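Below: the structure, in structure tokens.
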Amino acid sequence: QVQLVESGGGLVQPGGSLRLSCAASGGTFATYTMGWFRQARGKEREIVAAINWNCSGGRTYYADSVKGRFTIFRDNTNTEVLQINRLKREDPAVYYCAASPLRGARESASFTSWGQGTQVTVSS
């Protein structure tokens with residue numbers, strides 16, 4: 001059974017940086033799509049970044065709203081990292097790590113395993 005555990009959320013000033021980590025276990029992730037989603041209060045869950053680990057260097061996807069500021073990468077065998085830079089006031093949300101057995105998955109319905117979420121907040 002796949003388990004995903006996020007860490008690294010917190011309170012950050014606008015323009016600041018934050019690193020979110022996702023420790024994955026219970027599966028063979030070589031062919032999985034690993035993604036980060038976020039859900040702000042009153043809004044739908046949206047994908048912000050995804051990576052396919054079986055591609056050389058990792059094939060990545062970013063939502064337009066985070067391109068150039070967020071970076072997704074694989075830190076070690078089973079840890080996925082989302083590096084958030086130049087945090088904006090529209091970035092606060094609960095961030096979720098997710099795993100899909102489908103290569104190139106982007107829709108939340110394609111992700112079968114989810115972490116518990118970690119809160120990212122921007123200070124005023």
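The values are calculated or read from the model by the stated rules, or taken from the named source; none is laboratory data. As the structure is a computational prediction, the values presented were derived from the model and not from experiment. Cβ: placed from backbone, ideal geometry, glycine included. Neighbour counts: every protein chain shown. For the accessible areas, the whole protein counts, side chains as well, though only heavy atoms, and no ligand, DNA or RNA atoms are used. Shrake-Rupley method; radii C 1.70, N 1.55, O 1.52, S 1.80 Å.
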The listed residue being touching a residue at least 60 places away in the same chain (Cβ under 8 Å), open to solvent by 80 Å² or more (accessible area, probe 1.4 Å) and not acidic (Asp, Glu), out of ARG74, ARG38, ARG86:
ARG86
Scanning region 76-88 for residues that are out of contact with any strand residue (DSSP E or B) (no Cβ under 6 Å at 6 or more places or on another chain) and part of a loop (DSSP other than H, G, I, E, B), the one farthest from ASP64 (Cα to Cα) turns out to be THR77
How many of the residues in region 89-114 are assigned to a strand (DSSP E or B) and either within 21 Å of GLN1 (Cα to Cα) or open to solvent by 40 Å² or more (accessible area, probe 1.4 Å) (or both)?
7
Looking at (1) over 17 Å from LEU82 (Cβ atoms); (2) touching a helix residue (DSSP H, G or I) at 6+ places or on another chain (Cβ under 7 Å), can you tell me which one PHE37 breaks?
(1)
Within region 5-30, restricting attention to residues that are among the hydrophobic types (A, V, I, L, M, F, W, C) and in a loop (DSSP other than H, G, I, E, B), which residue is surrounded by the most Cβ atoms within 10 Å (Cβ to Cβ)?
PHE29
